[in-house]
Amino acid sequence: MDHIGLAVADGIATITLNRPDQLNAFTTTMENELIAAYDQLDADDSVRAIVLTGAGRAFCAGADLSAGAATFDHWQDEDEDAEARRDGGGRVVLRMFESRKPIIAAINGPAVGVGITMTLAADFRLAADDARIGFVFNRRGIVPESCSTWFLPRLVPLQTALDWVYSGRVFPATEAFDAGLVYKLYPRESLLDEAYALARSLTEHSAPVSVALSRQMMWRALGAEHPMIAHRVETRGINIRGIGPDAREGISAFLEKRPAVFPDSVRDDLPDVFGEDLPTPAFRG
């Protein structure tokens, strides 16, 4: 891979935005490599969680603007009937939304534009205590992307989201923490270690298939119009999982006071509990 790094150790995958000389500015290559990485990691049962971070002193400085004022010209098509080019950050975030593994964004430095919006579909955002964040789109004459107009108001109060987006100002990670966008702040030098510790705490005693289903149940329920939809999904989940090998092992291990060894595979044994009740993105590419 050219614009990201990918490594797996002790059940935790690390995706590293890897253009440090360009402050990890987002490119089409990075977009496609990130989607491919999430596909690969979802298919790998040895991976229990994913940490997303940046190489060097930045997390991501936003879209690569090296083409200057013509940056978005290539999005246009001479054929007026052609479909518009899909937003690349949105493609990445939609793939993250579908992830079967928990995702922790370790924001190790400046995160602006797509550099922050690509983290909104992560389950947790940890940040270096000196990081700076900005939803800078309005200051560039464009608009928010990466599905951030859906995610951001679900993560922070609407008026906070509007302040950040309308003004486009860059603000300290402490403000993001106070608003609830960032889960924890750490010194930069300990950030990755803390991200890995969180990943282990989330997964080391939990059934992988249960984590995968719980992740989807929680995220998709954000778009549900009534709690009855969640009730139907949860009922299916309990009925399917309750008679399976994982539940038998989990309950037996609890009663026998020993660590559980869950046999089910996320790749092979993930049931469909959603049906048509919840909105699901129908496209990948």
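The values are calculated or read from the model by the stated rules, or taken from the named source; none is laboratory data. In this text the structure is predicted, and so the values were computed from the model without any measurement. Every residue, glycine as well, gets a Cβ built from its backbone with ideal geometry; the counts of neighbours run over all protein chains shown.
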With Val209, Val182 as the choices, which residue is under 27 Å from Val273 (Cβ atoms), touching a residue at least 24 places away in the same chain (Cβ under 8 Å) and not polar (S, T, N, Q)? Val209
Show me the strands (runs of 3 or more DSSP E) found entirely inside region 76-183 where at least 1 residues are more than 24 Å from Asn18 (Cβ to Cβ). 170-172
Given the conditions (1) under 16 Å from Gly11 (Cβ atoms); (2) touching a Leu at 6+ places or on another chain (Cβ under 6 Å), report the number of the one that Arg267 does not fulfil. (2)
Within region 152-173, can one find any residue that is at pLDDT 95 or above, of a type in the set (Ser, Thr, Tyr) and touching an Asp or Glu at 6+ places or on another chain (Cβ under 8 Å)? no
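For region 75-106, which positions are modelled with pLDDT of 60 or more and farther than 29 Å from Ala207 by Cα?
Step one: list which residues in region 75-106 are modelled with pLDDT of 60 or more, which gives 83-106.
Passing the criteria: Glu83, Ala84, Arg85, Arg86, Asp87, Gly88, Gly89, Gly90.
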Matching entry among Ala13, Ala43 (being farther than 19 Å from Leu120 by Cα and aliphatic (A, V, I, L, M)): Ala43
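Residues checked against (1) surrounded by fewer than 18 Cβ atoms within 10 Å (Cβ to Cβ); (2) more than 16 Å from Lys101 (Cβ to Cβ); (3) in contact (Cβ under 8 Å) with a residue 24 or more places away in the chain:
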residue	(1), (2), (3)
Trp164	no, yes, yes
Leu191	no, yes, yes
Ala199	no, no, yes
Gly223	yes, yes, yes
Can you confirm whether Phe135 is in the same structural domain as Glu175 (by TED's automatic domain parsing), buried (at least 18 other Cβ atoms within 10 Å of the Cβ), farther than 24 Å from Ala13 by Cβ and of a type in the set (A, V, I, L, M, F, W, C)? yes
Candidates Leu52, Leu41, filtered to the one that is touching a strand residue (DSSP E or B) at 6+ places or on another chain (Cβ under 8 Å) and surrounded by fewer than 23 Cβ atoms within 10 Å (Cβ to Cβ): Leu41
